Structures are given as structure tokens and as C-alpha cells.
Amino acid sequence: MLTSRPKVYAGGDAVLGPSTLIESIAQGRVAAGAMDRLLGGDGDIEEKLLPDGWETDPKIGRHEGFNKIRKFHPIMLAPEKRANWDEVELGFDDATARAEAARCFKCNLAPTIVNAPLPPESWLALDAATVAGVTTESGVYQLLDGDKKVLAIKGVENLREGLEAMLDKAEIAPYFTAEEAPFFSQRENQLVQAYMQQHGSMPPGVGADEMDDLF
């Protein structure tokens, strides 16, 4: 990248004409290596700004009002003085540089953030083993399709027996929820009314059997 003048190097748009930023940066690195050799170095300009394995303590604590701290902008050359090749962005003074650096949000921690634990699912698989663990108390069960959409709402005197009678519907309704309710007919009506308010219709049911009289 040496020009016709001794010890003068050039690159980027001045040499290439319109080009990409990365091409200019690449030429700057080549020139920097050549300058280093000219000055007695080995031409190796690699520099690690952070050591390998750099880690940040994940317990960064609480910083009140951190989301209200505004970005500090560098000092800029006044518009009326931008009629030449002088640098427009002049950088920071010491105090502003320190204040901007203090805004560090430890972005290197982002890849280590795991998904928040979700609450347990309220629905269960409609199979014999799961239904065997259901209470024999009175209550209301709901049958759901593969997308967890409610197909049927039914109040029964014995939840386990009621669900056992529905095991042959597992292909249509693979999931269920169940809740104890001494006044199961009243609770069934409440759930059906809530469904109708949300969807504008009765639950669709799960097939031709006696329970579909409700729908």
C-alpha cells in the first residue's frame, strides 16, 4: 500500500474509488502491517482487546433507572465547519467517555440467559394410566383436541369414571383437564357460559354419544 512517496501509504476509496467499507478496512490493515515492518516490527498487528474466556459475573445487581439513562453522543464538528476532510465525529471528552462506558449492559451475558421456566401445563393426556390417578370425587372435566382447544365440558358425580368412559375418544380429544366441584352441574354451566361468551357458540363435542345431548 506504499505510494510513490516514501513512507506514505494509501488505501480505501482514495485508491479503489467507490468500494465497500470492509475493503477499505482490509487495505488499512495491510498498510498498518507494512508500517510496522518499516519501523522495525514484524508486521503482526493482531491485538486481543479481551483475554480468551473473558466472563462477566452474571450477578450484576440492580441498577435503579438503568432504562432511563440516555446514550451519550460524541462531540461533533459544527456543520458550518464541515467543508473539508476533517473528521466530523470528534469523540468524547474524558468525563463523557467514562459515563458512556458505565452504561455497559453486559451484552456478553445475553447468550447465557435461559428461557424462563413456564408454569406446569394444566392439561393431561387422556390415557388409562393418567385417568387412573384422577380423583373419584364429583367435578367437571374438559376434553381438548391436539391444539388444546376445548371440545367438551362435562360435569359428573365421579371424575375418574366419567373420564374412563371417554378413553375411546382419545384420538379426537387427546387431552383433558379436571377439577373437583361438589355442585358439578352448576360449575359445568359456569364453564359452558364462559366458553360461549368467548367463542360465541357451544363447545363442539367429541362424537355421537349420550353426552352430546348437551351440545
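The values are calculated or read from the model by the stated rules, or taken from the named source; none is laboratory data. Here the structure is a predicted model, which is why all the values come from computation and not from measurement. Don't worry about glycine lacking a Cβ; one is built from the backbone with ideal geometry, like all the others, and counts go over all protein chains shown.
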(message) Cβ-Cβ under 6 Å, sequence separation 6+ or interchain: first residue in the stretch 94-106 and on the phi < 0 side of the Ramachandran plot, partner part of a loop (DSSP other than H, G, I, E, B). Which pairs?
(response) Thr96/Phe72; Ala99/Phe72; Glu100/Phe72; Arg103/Ile69
(request) Would you be able to tell me the number of residues in the stretch 131-156 that are without any contact (Cβ under 8 Å) to a residue 24 or more places away in the chain and either over 23 Å from Arg187 (Cα atoms) or charged (D, E, K, R) (or both)? (result) 2
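Rundown of residues vs (1) outside the structural domain of Pro174 (by TED's automatic domain parsing); (2) surrounded by 10 or more Cβ atoms within 10 Å (Cβ to Cβ); (3) among the polar types (S, T, N, Q), yes/no style:
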{"site": "His73", "(1), (2), (3)": "yes, yes, no"}
{"site": "Val88", "(1), (2), (3)": "yes, yes, no"}
{"site": "Cys107", "(1), (2), (3)": "yes, no, no"}
{"site": "Pro117", "(1), (2), (3)": "yes, no, no"}
{"site": "Ala129", "(1), (2), (3)": "no, no, no"}
(request) Could you identify the single residue in Ala97, Ala26, Ala110, Ala78 that is modelled with pLDDT under 90 and aliphatic (A, V, I, L, M)? (result) Ala110
(message) Tell me whether the stretch 132-150 contains one or more residues that are among the basic types (Lys, Arg) and in contact with a helix residue (DSSP H, G or I) (Cβ under 8 Å, 6 or more places away or on another chain).
(response) no
(request) Name the single residue, out of those in the stretch 46-65 being loosely packed, with under 10 Cβ neighbours inside 10 Å and among the hydrophobic types (A, V, I, L, M, F, W, C), that is nearest to Arg29 (Cα to Cα). (result) Leu49
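Here's the yes/no breakdown for (1) assigned to a loop (DSSP other than H, G, I, E, B); (2) closer than 30 Å to Thr112 by Cβ; (3) modelled with pLDDT under 90:
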| site | (1), (2), (3) |
| --- | --- |
| Lys7 | yes, no, no |
| Gly11 | yes, no, no |
| Val15 | no, no, yes |
| Val30 | no, no, no |
| Gly33 | no, no, no |
| Asp57 | yes, yes, yes |
(request) Within the stretch 90-147, track down each residue that is of a type in the set (Lys, Arg) and either farther than 26 Å from Lys59 by Cα or assigned to a helix (DSSP H, G or I) (or both). (result) Arg98
(message) Can you pull out every residue in the stretch 59-75 that is farther than 13 Å from Cys104 by Cβ and either outside any loop (DSSP other than H, G, I, E, B) or among the acidic types (Asp, Glu) (or both)?
(response) Glu64, Asn67, Lys68, Ile75
